[in-house]
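Heads up, the thing below is written out as structure tokens.
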Amino acid sequence: MSDQKRRRKPDPSASTSKKPRASSSSYAQALRKQLKPDADILSSLQRLSAATSAAASSQKPVSISDLELSSSCREVTDLDSSAVVHSIERLILSVARSILSGQGFSFDVPSRASSNQLYVPELDRIVLLDKSSSRPFANLSTVRKATITARVLSLIHAVLLRQIHVTKRDLFYTDVKLFGDQNQSDAVLDDVSCMLGCTRSSLHVVASEKGVVVGRLVFLDDGDRIDCTRMGIGGKAIPPNIDRVSGLESDALFVLLVEKDAAFMRLAEDRFYNRFPCIIVTAKGQPDVATRLFLRRLKVELKLPVLALVDSDPYGLKILSVYMCGSKNMSYDSANLTCPDIKWLGVRPSDLDKYRVPEQCRLPMTEQDVKAGKDLLEEDFVKRNEGWVKELEMMIKTRQKAEIQALSSFGFQYLTEVYLPLKLQQRDWL
């Protein structure tokens, strides 16, 4: 009898410890039962797509020239190779004349410092103001930077004359001793783009392939027809030189922008784009220029709404903000690189309790995370969105964050079978 009692003692505590897991699991199943037939969700998505297309067709795009800003701004445009070559040659001729006149030479470089940037609410993006600084060769503090600038101009001139594209890494390895590290050549590349008034892609210098796309999209890549429904779970790499992409065709109802490769692969393997016609795009973390350009082309040319799926942490929101408002590093080209009206679908801080994500799947925020969240709250583009402010304040108050993969605690396909369909059904986005 005493042996039986000893064996029975752990039972109540064991059953109590299992309750939270059972509760979360049963709640997850209850949410599954809330799903309406796919036809109803598709009908709602069709209305969203039609409204987005109608708005894009009726609204005239607002540009800086349409606004009466107190400060003048600097923006770049796409230029063809011959125009960029002539701009470089005119710049070098002015340098030569300055040297021959005995005045030495100096480059007038637009400042890309944070103090020279402005968030414009009417455009919902960051722009670069028109302040410049001098980069003289005959100065110990700037001689190296001036030399690198001259070298980069020379290399770009040669690339454009050959009508080829090179990577930023290729550019760096042409003169490793001078550049020191790739950050130096990359920074000067952006300076040169500003100086010449052209987009970085106009310089024919690109980053290595990073972003991928899968789903209901067909396009031509340098003349080759690409069907993104036949790309497997890895998707089609987004070409680094976007100018070779043409003929975009799609029957998608929306674009799903995904922060991470793991979630992208889940969506691709489950053929989520066939159940809910969409185009799925990811840059596998921090967005590169090619992915941002490609996303904007999808948005503008196909007139589709863009919904975003990122981690519930400050860095997921920072990544989303780059797609929406632009990066401070490339504010001079924000007109070509941003999609201001992206809708934040998830994972949001409020979702952690709403979907009862288990405590063991939530991560404590570090002091650095909290600081990053508070810094975001000070950004102008966040302040104008009440929903973002509430979500960020909740994140900082609870000091909890979670990755998209936390939803896998309910099943590996919970993301595609329950979470996203329910989000779409409820039109639950900001």
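The values are calculated or read from the model by the stated rules, or taken from the named source; none is laboratory data. Please read these numbers as outputs of a predicted model, since none were measured by experiment. Cβ placement follows ideal geometry from the backbone for every residue including glycine, while neighbour counts extend to all protein chains displayed. Note: accessible area is taken over every heavy atom of the protein model, side chains too, but ligands, DNA and RNA are not part of it. Shrake-Rupley method; radii C 1.70, N 1.55, O 1.52, S 1.80 Å.
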- Item | Label-point separation in nm, residue 397 to residue 360, each point 7 Å along Cα→Cβ | 2.8
- Note on the structure: Where a ≥ b ≥ c are root eigenvalues of the Cα gyration tensor, a/c under 1.5 meaning rounded, otherwise prolate if a/b exceeds b/c and oblate otherwise, the stretch 84-179 counts as oblate
- All lysines inside 20 Å of residue 371 as judged from Cα atoms, apart from same-chain residues fewer than 8 positions distant: 318, 328, 383, 390, 397, 401
- Message: Given contacts defined as C-alpha pairs under 8 Å and at least six residues apart, what's the relative contact order of the stretch 65-179, whole-number percent?
- Response: 25
- Note on the structure: Counting only protein heavy atoms with a 1.4 Å probe and every protein chain in place, the carbon and sulfur fraction of the accessible surface of the stretch 215-322 in whole percent equals 47
- Note on the structure: the chain accessible area per residue, 1.4 Å probe, protein heavy atoms, integer Å², reads 48
- Which residue, 338, 291, 52, has the most motion in a Gaussian network model of the chain that connects Cα atoms within less than 10 Å? 52
- Farthest positive-ward along the chain dipole, Cα basis, beta-carbon charges - from 140, 154, 253: 253
- Task: Taking every pair of alpha-carbon atoms in the stretch 254-321, give the share separated by more than 18 Å as a whole percent.
- Result: 36
- Message: Quick check: from the Cα gyration tensor, does the stretch 122-277 come out rounded (a/c under 1.5), prolate or oblate?
- Response: prolate
- Enter the Cα centre distance for the pair the stretch 178-207 and the stretch 358-402, rounded to the nearest angstrom. 34
- Sequence of 231, 365 from largest to smallest accessible area, 1.4 Å probe: 231, 365
- Cα-based Rg and Dmax for the chain, where Dmax is the largest Cα-Cα distance (Å): 25.6, 109
- Message: Compute, for the stretch 149-212, the length of the dipole vector about the Cα centre, with Cβ point charges of +1 (Lys, Arg) and -1 (Asp, Glu) only. Units Debye, rounded to 20.
- Response: 140
- Note on the structure: Relative contact order of the chain (C-alpha contacts under 8 Å, at least 6 apart) in percent is 17
- To the nearest 0.05, how large is the calculated FRET efficiency for residue 229 and residue 163 if R₀ is 45 Å and r is the Cβ-Cβ distance? 0.85
- By accessible area (1.4 Å), largest first, 70, 49, 201 order as 70, 201, 49
- Message: Pick from 177, 131, 260 the residue whose mean-square fluctuation is largest in a GNM of the chain, springs joining Cα atoms under 10 Å.
- Response: 177
- Taking the Cβ of residue 348 as the centre, find all other residues whose Cβ is under 9 Å away and add up their charges (Lys, Arg: +1; Asp, Glu: -1). -2
- Of 281, 218, 95, the one that fluctuates the most in a GNM where the chain has Cα springs shorter than 10 Å: 95
- Over the chain, the sum of -39500 (n - 2.57) across DSSP H runs of at least four, divided by residue number and rounded to 500 deg cm²/dmol, gives at 222 nm -14000 deg cm²/dmol
- Item | Gyration tensor (alpha-carbon) shape descriptor, the stretch 218-371, a/c threshold 1.5 | oblate
- Point-charge dipole on Cβ atoms (K/R +1, D/E -1) for the chain, about Cα centre, debye to 20: 1700
- Any helix of the chain counts here only if DSSP assigns it H throughout, its Cα atoms span 27 Å or more along the axis, and its mean Kyte-Doolittle hydropathy is at least -1.0, and such helices are 38-58, 81-100, 143-162
